[in-house]
Each structure stands twice: as C-alpha cells, then as structure tokens.
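Asker: First the structure, which I've put down as structure tokens, then a few questions once you've had a look.
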Amino acid sequence: MSLEKYREILRNQNRLRNERIACDVVFQIGQRNFLAHRVVLIARMEYFAAMFNDRMQEAAEFAVPLDPKIVSPEVFDEILDYVYTNEINFSDE
C-alpha cells in the first residue's frame, strides 16, 4: 500500500470519528465523552485490543468510564488523535 493510500485511510477514519458516524464506543472521563470505533482502536494499539478482549467487561459495554486521575480528558484526546491520524501534537504545557 502506498503512503498516500495509508494517509487517505487515516483521514477517512478520522472524518468518521469527527462526524460521529458508526462509532461503537464512548469513553467517559469526568464530564467529557469521546466517541470512537473499536476496530480502529484494536488495530492501532495493543492496550485497546486487550481492553476489548471478550473476557473484559469493556468488550460488552458501549460506555467505558475512565478514571480522570489516571488519564485526563486532554491526554486521552491526544491519544485518540494519534490513533486516528498517526500524528502527535506537542504543546508547551
């Protein structure tokens, strides 16, 4: 697969997430919700593959609460952006 085709796939997956099309999981961190696609998460990160394993409670849930003491909404947003874009945005904070 060409690099351009790979980038196009990432753009399309991110567009689906941003437009909230076919999302099948919502992560709840404090008062914020993050919609996503399990298949994208599983394909891109072992952490999510383990989370959505059939033996884990999260595999059967639409809403997955995450402890804001472990991951802040801002950090989780960056993680999802990386998963969907393959890009990391660094800030001075």
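The values are calculated or read from the model by the stated rules, or taken from the named source; none is laboratory data. Just so you know, these numbers come straight off a predicted model, no measurement behind them. In this analysis, Cβ positions are derived from the backbone assuming ideal geometry, glycine residues included, and neighbour counts consider all displayed protein chains. Just so you know, the surface numbers come from the protein's heavy atoms only, side chains and all, with ligands and any DNA or RNA stripped out. Shrake-Rupley method; radii C 1.70, N 1.55, O 1.52, S 1.80 Å.
Asker: Filter the range 40-93 down to residues that are aliphatic (A, V, I, L, M) and outside any helix (DSSP H, G or I) and give me whichever is least open to solvent (accessible area, probe 1.4 Å).
Answerer: It comes out as VAL64.
Asker: Out of LEU16, LEU10, LEU35, I need the residue that is among the hydrophobic types (A, V, I, L, M, F, W, C) and in contact (Cβ under 8 Å) with a residue 60 or more places away in the chain. Which one?
Answerer: LEU10
Asker: If you don't mind, another one. For the range 1-14, indicate whether the set of residues that are loosely packed, with under 14 Cβ neighbours inside 10 Å and in contact with a helix residue (DSSP H, G or I) (Cβ under 6 Å, 6 or more places away or on another chain) is non-empty.
Answerer: no
Asker: Here is a further query. Looking at the range 1-39 only, could you name the residues that are in contact with a His (Cβ under 8 Å, 6 or more places away or on another chain) and either within 23 Å of GLU74 (Cβ to Cβ) or in a strand (DSSP E or B) (or both)?
Answerer: Result: GLN13, LEU16, ARG17, CYS23, VAL25.
Asker: Which of (1) acidic (Asp, Glu); (2) open to solvent by 70 Å² or more (accessible area, probe 1.4 Å); (3) touching a helix residue (DSSP H, G or I) at 6+ places or on another chain (Cβ under 7 Å) is the odd one out, the single condition ASP24 does not satisfy?
Answerer: (2)
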